[in-house]
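Down below is the structure, laid out as structure tokens.
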Amino acid sequence: MPSYIIEGGKRLEGEATVSGSKNASLPILAATILNNGITKLYNVPEIRDTKITQEILKFLGCKVKKSKGKIEINSKNITKKEIPEHLMHQMRSTVILAGAILARFKEVTFSYPGGCDIGSRPIDLHLSGFEKLGINIVKNAGFIVCKCDKIVGANINLDFPSVGATENIILASVFAEGETNITNAAMEPEIVDLANCLNKMGAKIEGAGTSNIKIIGVKRLNEVSYTIMPDRIEAGSLLCMTAITGGKIKLNNVILDHINPIVNKLEETGCKIVKDKSSILLEAPKKLKAVDIKTMPYPGFPTDMQSVFASILTVAKGTSIIVENIFENRYKYMSELKKMGAKITIEGRTAVIKGVRKLTGAKVLSTDLRGGAALVSAALVAKGETEITNIDYILRGYEALDEKLRKLGANIKIKEGD
Ligand code: UD1
């Protein structure tokens with residue numbers, strides 16, 4: 001696998017544009033299965049996860065055409081109703097395709113999904129949602145076979161507002177007979193983007209972005225063009241990476257509401273923020289201040305920003321306390337940060353970070369997507385050279401991260417693996 005080589009100590013300054021959202025692209029790519037025709041998508045980021053999803057769409061029989069900034073998916077001639085095991089294992093959100101295939105064909109076979117090792121990540125809420133919609137599920141030798149004669153709308157209360165389960169149930173119930181009501185639904189902006197795209201295709205989804213979502217079954221969808229929303233986690237990551245270097249950035253293509261929880265915390269660290277319509281200006285102080293963070297479902301502080309934010313607190317003045325409430329195993333990257341001189345103690349879901357004066361470059365391992373981004377952020381300020389190995393994880397979720405950072409003045413290059 002390739003590595004990043006980063007020479008720390010360069011203050012980031014300049015302008016960057018946020019790419020399309022990874023977590024919105026994935027369910028929307030799945031939604032193209034429902035539209036028995038052509039969907040044109042703009043702003044899908046060129047990253048591993050969207051490429052894997054396109055591979056699965058092609059395997060199913062979709063025609064995928066790419067031109068600059070646009071993906072055209074023709075799902076008219078889907079011939080397969082299973083998700084191949086080797087692709088299923090590459091990432092977690094492959095499970096979202098199951099709901100879409102079910103809605104269109106009333107059957108799907110898939111295995112348990114893979115993804116970053118950040119917790120046990122069960123799919124029980126997805127499957128119990130399917131069952132409530134009248135789908136019969138048989139688990140056999142690691143495979144899950146779902147079948148039904150018809151999908152019937154139901155009332156589904158989620159034990160936890162799972163993003164993936166909410167999306168899967170929405171997709172599965174678009175053509176259901178009658179009405180589906182999801183209560184305690186996830187409220188993340190990516191769910192709103194999925195619902196907006198499906199509604200543009202002709203679906204009837206109300207309440208996305210609240211905890212009560214209603215899906216009124218329709219008979220068919222139409223062809224659409226849709227532009228994916230900006231990636232709020234990439235936006236937050238670029239702001240943090242600039243902040244740790246004491247830098248200044250103008251970030252374009254942001255939806256300010258989506259990044260509010262991150263921006264509020266950056267202000268607490270002493271960063272000056274100026275908001276404009278779809279851009280944001282951040283100017284970092286010489287020394288950041290410690291802050292406490294608790295990750296929560298949206299509109300709380302996002303778990304996907306926990307690691308990158310923690311990395312900037314390793315050099316802040318004072319002690320910061322982080323509580324990770326969403327995934328139980330999301331601190332693996334911290335042992336790598338410690339190799340760079342960070343002072344962190346972990347007790348269950350709580351991490352205590354004592355700010356140090358400086359970090360030092362080291363050879364570190366990217367343990368997962370966002371953990372890897374935290375190491376990039378730390379390396380930008382560390383004294384000397386850092387080699388981050390295993391960056392395939394980072395490439396799964398950040399489009400052209402090295403290019404964007406270089407444009408801001410960072411000294412970062414990719415070393416190809418053996
Ligand atoms: C999505 C995001 C991920 C983000 C997460 C939480 C995508 C592609 N990924 O992941 O980046 O970190 O939301 O914001 O959009 N759970 C269950 N049973 C289930 C499903 C989930 O117990 O059937 C639990 C999980 O173990 C976890 C919590 O619910 O503790 C949240 O997971 P969920 O919201 O489902 O996350 P994902 O959809 O996997």
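No lab work stands behind these numbers, since they all come straight from the coordinates. What you see is a predicted model; the values in this text were computed from it and never measured. Don't worry about glycine lacking a Cβ; one is built from the backbone with ideal geometry, like all the others, and counts go over all protein chains shown.
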Dividing the convex hull volume of the alpha carbon atoms of the chain by its residue count, what do you get in Å³ per residue? 126
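Sort 33-44, 407-418 by the packing proxy (mean of other Cβ within 10 Å over each peptide's residues), most packed first.
Highest to lowest by the protection proxy: 33-44, 407-418.
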Give, in nm to one decimal, the length gained when the segment between Lys139 and Asp418 is fully stretched (0.36 nm per residue of separation minus the Cα-Cα distance). 96.5 nm
Order the peptides 373-386, 89-102, 203-216 from the highest to the lowest mean number of other Cβ atoms within 10 Å of their residues. 373-386, 89-102, 203-216
Would you mind checking the pairs Lys265/Lys317; Lys51/Lys275; Lys22/Lys317 and listing those with alpha carbons more than 25 angstrom apart? Lys51/Lys275; Lys22/Lys317
Say a paramagnetic label sat at a point 7 Å from the Cα of Glu15, along Cα to Cβ; which residues of region 385-409 have their backbone N under 20 Å from it? 400-409
Using only the alpha carbons of region 22-227, what is the convex hull's orientation-averaged projected area in square nanometres? 9.9
How high is the relative contact order of region 163-294, in percent, with contacts defined as C-alpha pairs under 8 Å that are six or more residues apart? 19
By the C-alpha gyration tensor axes a ≥ b ≥ c (rounded if a/c is under 1.5, else prolate when a/b exceeds b/c, else oblate), the shape of region 249-329 is oblate
Relative contact order [Cα under 8 Å, 6+ residues apart], the chain, whole percent: 21
1/(1 + (r/R0)^6) with r = Cβ-Cβ of Glu179 and Val323, R0 = 41 Å, i.e. FRET efficiency to nearest 0.05, evaluates to 0.60
Taking the Cα centre of region 29-123 as origin and charging only Cβ (+1 Lys, Arg; -1 Asp, Glu), how large is the dipole, in debye to the nearest 20? 460
Angle check, please: helix 163-173 long axis (alpha carbons) against the longest principal axis of the chain (alpha carbons), in degrees 0 to 90, nearest 10. 20
Suppose we keep just the DSSP beta bridges with both residues in the chain; what percent of those would be antiparallel, to 5? 70
How many percent of DSSP beta bridges within region 22-227 run antiparallel, rounded to 5? 75
Please arrange Ile5, Ile259 by how many other C-beta atoms lie within 10 Å of their C-beta, fewest to most. Ile5, Ile259
Take the chain, connect every pair of alpha-carbon atoms lying under 10 Å apart with a spring to form a Gaussian network, then pick out the residue of Lys66, Lys363, Lys332 with the largest mean-square fluctuation. Lys66
P(r) of region 63-136 over all Cα-Cα pairs, binned every 5 Å from zero, in whole percent: 3, 13, 21, 21, 19, 13, 7, 2, 0
Calculated FRET value between Lys40 and Lys219, using beta carbons and R₀ = 25 Å, to 0.05: 0.65
